[in-house]
Structures are given as structure tokens and as C-alpha cells.
Amino acid sequence: MPLSAMLRPGSLSIRILCAGILLPTLSACDGGGTSAEDAERRAATAGIVITTAADADALIPPLVATTAGKQVVDLLFDHLADPKDAQVRTDGDEGFAPRLARSWSWAPDSLSITFVIDSAARWHDGAPVTAADVRFSWRFYTDPAVGSMHARGFAGIDSVTVRDRYTAVVWWNRRHPEQFFQIAYNLAVMPEHLLGALHADSIATSAFASHPIGSGRYRLAQWERKRQLVLAADSMNYRGRPTFDRVIWSIAPDPNAATAAILSGQADVLEVLRGDAVTRAAQVPTLRTVEYGSLDYGYLVFNQRPSARRAVSFADQTMRVALSAAVDRAAIVQNALDSLGRVALGPITRSEATADTAVRAIAFDTAAAGRMLDSLGWRWDTKQTVRTRNGRALAFNILVPASSGTRKKLAVLLQAQFKQIGAAVEIDAVESGVFAARLHDGDFDTALNAWRNDPSPTSIRQSWGSVRGDDIGANFGRYSSANFDATVDSAIVTFDPRQRTALFRRAYQRIVDDAPAIWLYEPRNLAAVRTRLVPTGLRADAWLAGLADWDVQRVKAPPTVARASVP
């Protein structure tokens with residue numbers, strides 16, 4: 001039966017065809033029913049269109065570095081286990097549900113975990129998933145020749161061994177609370193029989209890179225770079241067929257075009273609404289907004305590396321605290337983000353299990369800021385235009401990426417507030433690649449950066465742990481605190497959940513007091529979704545991870561049948 005004869009006008013699949021995306025012809029027997037209600041559901045679940053301005057960077061998990069790529073590989077490749085809840089628990093295994101591993105057991109000394117692979121699991125080419133694939137995948141991620149940015153996530157794992165066809169054992173050199181999270185969350189299992197013979201330098205250009213074979217509930221159907229990416233349901237998947245026959249990422253040229261696509265009905269999902277698009281979406285009867293957690297925060301980082309050209313030393317804690325006290329963060333966030341942002345807690349977000357909403361922030365107090373600057377010798381000039389010391393003005397730059405409208409607006413607001421306490425601030429807007437390079441190289445005074453945390457609270461070491469050698473991680477301001485480092489290190493190895501949380505919160509208070517940055521905002525994530533869709537499994541770290549189980553609203557409610565009670 002032709003598709004046009006089966007679907008009602010205005011259905012999702014008709015919209016997809018109008019957008020130029022072809023779906024396979026569906027027969028009346030697909031789905032196992034012939035009623036009007038069954039046909040309605042088949043039409044509603046034929047496909048779902050996600051509009052986005054970002055294409056996937058890669059589809060081989062160890063090579064993925066962007067959110068767009070991660071969203072796709074999460075549906076193509078399975079992990080040994082997946083988080084159960086929206087707030088990911090990283091200590092122990094209670095917060096995880098079986099996936100490729102149908103069960104696991106700990107050694108008496110907790111230095112190894114044995115995973116039993118589900119024997120029904122198959123790669124999309126029909127080959128069985130085995131324990132050897134788990135061992136291969138760990139080796140692939142950690143191979144220096146591959147150069148995966150995710151290799152650090154497996155530090156402390158000595159080896160992965162194969163006990164039999166479906167049994168893999170992961171071995172650690174020491175116990176720590178996040179052993180299970182480390183292997184289950186970080187390791188996307190890949191097929192050895194397809195990747196094992198490839199050389200590291202040819203992986204990115206291999207046939208597998210453009211058409212990967214996974215074990216997830218969706219398989220890759222098409223990838224036309226910078227235009228569209230299509231996944232098809234793996235109908236015989238060991239975890240069951242997903243709800244939608246197709247998932248289509250329609251790649252828009254820019255965020256405005258993506259917003260236009262969702263508002264006009266050409267797409268079904270937009271990951272993040274920003275600015276006046278929230279109000280416009282509220283006026284579309286077939287759209288609703290869905291809020292999900294955030295692991296992102298925005299901050300103004302102080303460069304603490306000494307510089308002869310700078311009059312201001314940001315290595316001085318009093319200077320950093322004074323500038324922090326000069327900023328009305330609530331007013332800035334309200335002005336720049338309106339209802340789509342909250343004042344940041346620190347280098348953490350409210351979606352993290354160890355978050356502390358009671359952390360004591362540096363209060364907005366321009367009088368106190370002025371007294372601190374006076375104590376450092378920075379005095380107003382005779383015209384009350386700027387503070388000076390030893391003939392040099394209290395002046396510095398704010399580095400921002402020119403492509404970020406939000407951060408440029410924040411920079412202007414900060415500039416005005418710093419002027420009130422006698423600081424002359426210039427905005428240095430540069431192309432995003434230049435911004436990233438200068439941030440890494442320490443070529444800035446202050447910089448407006450945005451960061452996405454890992455679900456593990458231990459990742460704070462990457463961004464704010466003291467720099468050792470040439471590896472700065474993401475500690476762009478070169479912050480160093482032995483007290484902070486020691487408290488985080490203690491939290492990382494503590495098994496008692498309450499004590500672990502208490503230690504992390506003590507570290508958060510320490511870094512907020514030290515003020516290596518002004519913690520500005522935490523965005524509120526609002527997705528635009530068609531009202532007929534029922535999202536489920538929305539997580540701050542991977543909000544589309546549960547897409548295979550999203551549902552659709554029943555278009556026609558079944559008739560209510562009165563039944564006599566049976567005594």
C-alpha cells in the first residue's frame with residue numbers, strides 16, 4: 001500500500017516526506033493490526049525529526065568529542081550498564097540497570113568485577129556480542145595511538161580478561177567508590193571483528209567511521225554530513241524494538257534556522273530553546289516545553305599566571321574576592337538569560353548528586369569591594385573615573401568568543417558593573433577557535449567560559465585541580481590550592497556516602513571562598529517537543545539516551561467498558 005494512502009494528512013510521516021526525507025513504505029500489516037487506532041499509532045511512530053545546528057563530529061565512541069556526536073552513539077552502541085535515574089549516582093552499582101551485561105558480581109576484595117554478557121545481544125550485522133568485545137573496547141579506548149580524549153576515564157584499570165565467551169572480568173589496581181561507574185558509564189562496547197584489524201591511523205577514515213555497526217536499539221541508515229543523519233529501528237534487538245521506526249537529525253545551518261524549523265512544524269524536537277523562542281513556542285498549540293537537568297555552568301575565570309604586561313595580579317585572592325563582590329550576579333543573569341538561567345552555585349550544578357545549594361557565595365557588596373581595593377593600594381583618581389596604583393590604571397580585558405551572543409552580553413554587563421568600582425575593562429571578542437587556543441595557552445586576563453561537568457564529582461579535579469607539569473586539563477586560570485586538592489582527594493577515596501558528600505561540599509566551599517572565578521550562571525534547559533510525544537528517561541548528562549522508549553499520546557481513547565464486579 002502506498003504511504004500516501006495509509007497516512008492521514010498532517011501526520012508526522014507526511015511532514016517528513018515534505019522535508020525531503022524518505023521513509024520506507026509501510027504496509028497495513030506492520031505492527032500486527034488493521035484497526036484505525038493501530039494505523040494511527042503506526043503513522044505516529046513512523047519517525048521523529050530532531051532539528052539541530054550541530055552535526056555529529058564522529059560516530060566511533062572513543063573519537064567523539066561533541067554533544068551532538070554523543071547523542072547519536074548513545075543510541076547506536078550499548079554499555080555494560082546504564083544509569084537508572086535522571087540524577088546519575090556514581091558511587092557503587094545501585095544506580096545502574098543491566099544492558100549488555102545481564103548480571104555482574106564483585107570479587108571479595110572488590111578489585112575486580114565479573115560481567116556476564118547477555119547471550120541474546122547481537123551486533124547489527126548479526127554477530128554475537130562477546131566478552132572479547134569488552135576487552136577489545138577497553139584496549140581501543142586506552143591505546144595511545146588512537147588518542148582518545150576519554151582514555152583518562154579508565155585510569156586505575158589494570159586489565160580486562162576473558163573467562164569464557166560471555167564472561168569478562170575487569171581488574172583494578174586499587175579500590176575506589178566509582179569503579180563500577182568508571183567501566184559501565186565510560187565504556188561503549190564496540191565490535192572486535194570489525195575494528196580489530198584496523199590501524200589506529202586509518203580508523204577515522206575507515207568505512208566503519210562513516211557507517212558504524214553497534215548493538216543498540218537503533219542502527220545507522222544514512223549520514224549525509226551537515227544535512228541529515230538517520231537511524232533506523234533494530235527490529236530484532238535483544239532489548240526490544242524501539243518506539244520509532246526512524247530518528248532523523250535534520251541539520252540546520254544555524255540556531256535560528258533550527259528554531260524556525262520547530263516553530264513551523266518541520267521538526268518534532270529542538271534540544272534547547274533560547275531567548276524569545278520560549279515565548280514563541282508557547283504560542284504554538286502543538287508544542288510544549290520540557291525541562292531537564294543541566295551539567296553546564298558559565299563563569300568569568302581569572303588568569304592567575306603572572307604577567308609583566310598586566311597591572312593587576314589575579315594571583316592575589318583579595319583582588320579576586322573584591323572583583324567578585326562588585327558583581328550583582330542575580331541582576332546579570334536576569335538581564336542576560338531572563339528565566340532561562342539561575343545564579344551558579346560554583347563549579348557544580350544542581351543536577352549533581354553532591355551539589356550543595358547551601359554553599360556560601362561571596363555577597364554582592366560594592367562598599368566592601370571598594371575597601372578591599374583600597375587596602376591593596378588601588379585608589380580613585382582625582383576625577384573618580386578609574387582606580388590607579390603606582391601610576392597604572394586598574395584595567396584588564398575580558399576574552400569572549402564572538403560567536404556567543406550570551407557571553408558577549410554578559411561581558412557588557414560585567415564591564416558596566418566593574419566600572420562602578422573603578423575598573424576599566426575592555427572586551428576582547430575573538431573567533432571561537434582563537435578563543436579556545438588562547439584559553440588553553442593562558443593568553444588572557446579574564447575570560448568568559450562555559451563548561452559541562454561529567455556526572456562524576458571527581459571530574460572537578462580536571463577543571464580546578466592544581467596544575468602539575470604541562471598538563472593543565474581544563475584549569476585555564478591555573479588555580480592552585482593544596483587545601484582544595486587534599487579535600488577532593490579524600491572525597492574520591494571515601495566509601496561512606498555521607499562522608500563523601502560532606503567532603504565534596506567542603507571542597508566546593510573552599511573554592512568558592514578562593515574565588516578563582518566569578519561563578520555566573522547555570523542554564524535552565526528547555527526542550528521544545530511536539531505535544532503528541534511523551535519523553536522519558538531525560539538525564540542531565542544525556543537527555544536523549546532514553547529516546548528508544550519515548551512514546552506517543554493515544555490519539556483516540558478506547559471506549560470505557562463497564563464490567564460487573566465478581567464476588
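In the range 516-528, what count of residues is obtained for those that are farther than 30 Å from SER466 by Cβ, in a strand (DSSP E or B) and touching a helix residue (DSSP H, G or I) at 6+ places or on another chain (Cβ under 9 Å)?
Let us first name the residues in the range 516-528 that are farther than 30 Å from SER466 by Cβ, namely 524-528.
Among the residues that remain, those that are also in a strand (DSSP E or B) are: 525-528.
Going one step further and asking which of them are touching a helix residue (DSSP H, G or I) at 6+ places or on another chain (Cβ under 9 Å), we end up with 525-526, 528.
Matching residues across the range 516-528 total 3.
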### Query
Which of the following residues is small (Gly, Ala, Ser), assigned to a loop (DSSP other than H, G, I, E, B) and buried (at least 16 other Cβ atoms within 10 Å of the Cβ): ALA315, ALA308?
ALA315
### Message
For the condition of a type outside the set (A, V, I, L, M, F, W, C), touching a residue at least 60 places away in the same chain (Cβ under 8 Å) and under 29 Å from ASP338 (Cα atoms), what is the one hit in ASP276, ASP245, ASP234, ASP268?
### Response
ASP268
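So if I check each of ARG239, ARG217, ARG227, which one is of a type outside the set (Gly, Ala, Ser), within 17 Å of ARG122 (Cβ to Cβ) and out of contact with any helix residue (DSSP H, G or I) (no Cβ under 6 Å at 6 or more places or on another chain)?
Testing whether each residue is of a type outside the set (Gly, Ala, Ser), within 17 Å of ARG122 (Cβ to Cβ) and out of contact with any helix residue (DSSP H, G or I) (no Cβ under 6 Å at 6 or more places or on another chain) leaves just ARG239.
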#### Entry: Subset of the range 105-135 [over 13 Å from TRP171 (Cα atoms) and open to solvent by 50 Å² or more (accessible area, probe 1.4 Å)]
SER119, ALA120, ARG122, ASP125
### Message
Going residue by residue through the range 474-488, is there one that turns out to be touching a helix residue (DSSP H, G or I) at 6+ places or on another chain (Cβ under 6 Å), among the hydroxyl-bearing types (Ser, Thr, Tyr), surrounded by fewer than 19 Cβ atoms within 10 Å (Cβ to Cβ) and under 27 Å from ARG310 (Cα atoms)?
### Response
no
### Task
May I ask you to list the residues in the range 403-453 that are on the phi < 0 side of the Ramachandran plot, crowded, with 19+ Cβ neighbours inside 10 Å, part of a loop (DSSP other than H, G, I, E, B) and in contact with an Asp or Glu (Cβ under 9 Å, 6 or more places away or on another chain)?
PHE444, ASP445, ASN453
### Query
Can you tell me which of THR259, THR243 is buried (at least 20 other Cβ atoms within 10 Å of the Cβ), within 21 Å of the chain's Cα centre (by Cα) and either hydroxyl-bearing (Ser, Thr, Tyr) or within 19 Å of ASP57 (Cβ to Cβ) (or both)?
THR259
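Residues are listed down the side, and each one gets a yes or a no for (1) touching a Pro at 6+ places or on another chain (Cβ under 8 Å); (2) under 29 Å from TRP223 (Cβ atoms); (3) modelled with pLDDT under 90:
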residue: ALA282; (1), (2), (3): no, no, no
residue: LEU300; (1), (2), (3): no, no, no
residue: ARG310; (1), (2), (3): no, no, yes
residue: ALA315; (1), (2), (3): yes, no, no
residue: ARG320; (1), (2), (3): yes, no, no
residue: ALA326; (1), (2), (3): no, no, no
## Note on the structure
(1) at pLDDT 95 or above; (2) in a helix (DSSP H, G or I) all hold for VAL169 apart from (2)
### Query
Do you know which of the residues in the range 68-99 that are outside any loop (DSSP other than H, G, I, E, B) and of a type in the set (Val, Ile, Thr) is farthest from THR494 (Cα to Cα)?
VAL72
#### Entry: Residues (within 18 Å of LEU63 (Cα to Cα) and over 22 Å from the mean Cα position of the chain (by Cα)) located in the range 139-160
ARG139, PHE140, ASP143, PRO144, ALA145, VAL146
### Query
Could you give every pair whose Cβ atoms fall below 6 Å, whose first residue belongs to the range 187-210 and is touching a residue at least 40 places away in the same chain (Cβ under 8 Å) and part of a loop (DSSP other than H, G, I, E, B), and whose second residue is among the hydroxyl-bearing types (Ser, Thr, Tyr) and surrounded by 17 or more Cβ atoms within 10 Å (Cβ to Cβ), counting only separations of at least 6 or pairs across chains?
LEU187/SER137; VAL189/SER137; MET190/SER137
### Message
Considering only the range 48-67, I want to know if a residue exists there that is in a helix (DSSP H, G or I), open to solvent by 30 Å² or more (accessible area, probe 1.4 Å), closer than 21 Å to THR142 by Cβ and not small (Gly, Ala, Ser).
### Response
yes
### Task
Go through (1) modelled with pLDDT under 95; (2) touching a strand residue (DSSP E or B) at 6+ places or on another chain (Cβ under 9 Å) and name the single condition ASP441 misses.
(2)
### Query
Which condition number in (1) closer than 30 Å to ASP496 by Cβ; (2) buried (at least 19 other Cβ atoms within 10 Å of the Cβ) is the one that GLY92 fails?
(2)
### Task
State whether the residues of the range 459-472 include one that is under 21 Å from the mean Cα position of the chain (by Cα), open to solvent by 30 Å² or more (accessible area, probe 1.4 Å) and either more than 25 Å from LEU340 (Cα to Cα) or in contact (Cβ under 8 Å) with a residue 24 or more places away in the chain (or both).
yes
## Note on the structure
Of the residues in the range 280-305 that are in a loop (DSSP other than H, G, I, E, B) and among the β-branched types (Val, Ile, Thr), the one that is least open to solvent (accessible area, probe 1.4 Å) is VAL284
### Unique match (being modelled with pLDDT of 95 or more, open to solvent by 50 Å² or more (accessible area, probe 1.4 Å), farther than 30 Å from THR385 by Cβ and small (Gly, Ala, Ser)) among ALA528, ALA502
ALA502
### Message
Just to be sure before I move on: is TRP138 surrounded by 15 or more Cβ atoms within 10 Å (Cβ to Cβ), touching a strand residue (DSSP E or B) at 6+ places or on another chain (Cβ under 7 Å) and over 17 Å from HIS79 (Cα atoms) in the structure I sent?
### Response
no
### Query
Are any residues in the range 150-194 within 19 Å of TRP123 (Cβ to Cβ), of a type in the set (A, V, I, L, M, F, W, C) and surrounded by fewer than 19 Cβ atoms within 10 Å (Cβ to Cβ), and if so, which ones?
VAL162, LEU194
### Every residue from the range 195-240 that is crowded, with 19+ Cβ neighbours inside 10 Å and basic (Lys, Arg)
ARG217, ARG219
### Unmet criterion (only one of (1) of a type outside the set (Gly, Ala, Ser); (2) within 25 Å of the chain's Cα centre (by Cα); (3) under 15 Å from VAL529 (Cβ atoms)) for VAL284
(2)
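The values are calculated or read from the model by the stated rules, or taken from the named source; none is laboratory data. These numbers were taken from a predicted model, which means no experiment stands behind them. With ideal geometry, Cβ positions are generated from the backbone for all residues, glycine too; neighbour counts draw on all protein chains shown. Protein only, heavy atoms only, side chains kept; ligands, DNA and RNA dropped before computing areas. Shrake-Rupley method; radii C 1.70, N 1.55, O 1.52, S 1.80 Å.
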